[in-house]
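Quick notes on the structure that follows.
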Amino acid sequence: MKRLVVGAHYGLRDWLAQRVTAAIMAVYTLILAAVLLKGSFTYGAWKDLFAQGWMRVATLLFAASLAWHAWVGVRDILMDYVKPDGLRFALQILVLLMLASYLGWAVQILFR
Amino acid sequence: MASASAKKIRPKYLSLPALLFEIRLPVPGWVSILHRISGALLFFPFVAWVLYLLDTSLASEQGFDYVRNRYFALPLVKLGVLVFIWAYCHHLCAGIRFLFLDLDIGGDLKTARLTSWIVIAAGLALTAVFGARLW
């Protein structure tokens with residue numbers, strides 16, 4: 001199988017992914033804001049909200065979207081400002097590890 | 001022509017003071033760089049912080065009360081929450097503007113400047129609204 005590492009169509013998937021994940025997160029934000037503004041802010045209401053299946057799935061979808069979105073965005077920042085290849089590579093690995101940790105933590109919070 | 005081009009030194013490399021004080025960004029440029037800065041801040045430290053708050057507040061009633069009544073009462077935490085709300089709201093509003101620009105809507109200079117002002121104002125206004133609700 002021939003894989004292109006660079007080339008004209010390389011960035012399209014990332015570009016599109018960043019926009020799709022942005023839309024998902026925007027919708028989630030509006031839903032969460034509506035739910036929070038409607039109900040009273042007590043421990044019971046807070047716990048019940050995240051005990052519901054749809055909220056857990058929606059939050060997990062948000063977290064996954066955030067991880068992908070942030071990967072594209074932070075990688076763009078690193079490519080713009082960090083010129084030495086080795087340092088940039090190390091920072092990109094660090095960012096991936098952090099995002100994986102965030103995602104793992106989010107799953108742990110949602111499904112314990 | 002020779003005398004005109006001789007006066008200017010090219011290429012011109014930008015020093016940090018030049019970047020800070022000489023270059024004046026147009027308003028859409030401000031929206032763009034603030035979108036980048038807020039995005040970087042959201043990645044770190046704010047995602048980790050929100051996860052910590054979510055973890056603590058959902059774990060137990062004591063955790064919820066601690067976050068709500070004691071942790072959020074700390075001045076530095078209040079400041080951090082304000083910065084987080086601003087970063088989130090600005091990033092969201094500027095992002096929606098960029099989505100419209102992708103669709104070729106609002107790209108002409110007059111509209112682009114107007115929507116830039118709206119995004120900056122909306123980010124600050126939403127911060128004020130949600131910030132006021134917290135206190």
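Values in this text are rule-based calculations from the coordinates and carry no lab data. Computed from a prediction, not measured in an experiment: that's the story for all the values here. Because the Cβ atoms are built from the backbone with ideal geometry, glycine has one as well, and the counts that use them run over all protein chains shown.
For B:K12, give me every one of the lysines with a C-alpha distance below 23 angstrom, ignoring sequence neighbours fewer than eight places off in its own chain.
A:K83
At a Förster radius of 30 Å, what calculated FRET efficiency corresponds to the Cβ-Cβ distance of B:A73 and B:A121, to the nearest 0.05?
0.50
Ordered by residue, what ³J(HN,Hα) values in Hz, to whole numbers, does the range B:60-70 give under the Karplus form 6.51 cos²θ - 1.76 cosθ + 1.60, where θ = phi - 60° and Gly and Pro are x?
3J(HN,Hα) across the range B:60-70, in whole Hz: 7, 5, 4, x, 4, 5, 4, 4, 6, 9, 9.
Please state the charge dipole magnitude for chain A, taken about the Cα centre, from unit charges on C-beta atoms (+1 on K and R, -1 on D and E), reported in debye and rounded to the nearest 20.
200
Could you let me know the centre-to-centre spacing of the range A:8-54 and the range B:93-134, using Cα atoms, in angstrom?
If we compute the Cα centre of each part, the gap is 19 Å.
Placing +1 at every Lys and Arg Cβ and -1 at every Asp and Glu Cβ, with all other atoms neutral, what dipole size does chain B have around its Cα centre, in debye to the nearest 20?
That gives chain B a dipole magnitude of about 720 debye.
Relative contact order for chain A: what is it in percent, counting Cα pairs under 8 Å that are at least 6 residues apart?
Reported as a whole number, the value is 32 percent.
Per 10 Å bin, what percent of the C-alpha pairs of the range B:75-135 does each bin hold, from zero upward?
Each 10 Å bin holds this share of Cα pairs: 23, 43, 23, 11, 1.
Taking Cα atoms of chain A, Rg/Rh with Kirkwood Rh, to two decimals?
Using only Cα positions, Rg/Rh for chain A is 1.08.
When only Cα pairs under 8 Å and 6 or more residues apart are kept, what is the percent relative contact order across chain B?
Relative contact order comes out at 30 percent.
If each of B:S60 and B:L20 carries a label point 7 Å out from its Cα toward its Cβ, how far apart are those two points in nm?
4.7
Can you tally the net charge around A:A90? Count Lys and Arg as +1, Asp and Glu as -1, for every other residue whose Cβ sits under 14 Å from the Cβ of A:A90.
Neighbourhood net charge equals +2.
Using 7 Å Cα-to-Cβ label points, what is the B:Y52/A:A51 separation (nm, one decimal)?
Distance between the two pseudo-spin positions: 2.8 nm.
In whole Å, what are the extents of the protein assembly as shown along the principal axes defined by its C-alpha atoms, from largest to smallest?
Between the extreme Cα coordinates on each principal axis of the protein assembly as shown lie 78, 53, 34 Å.
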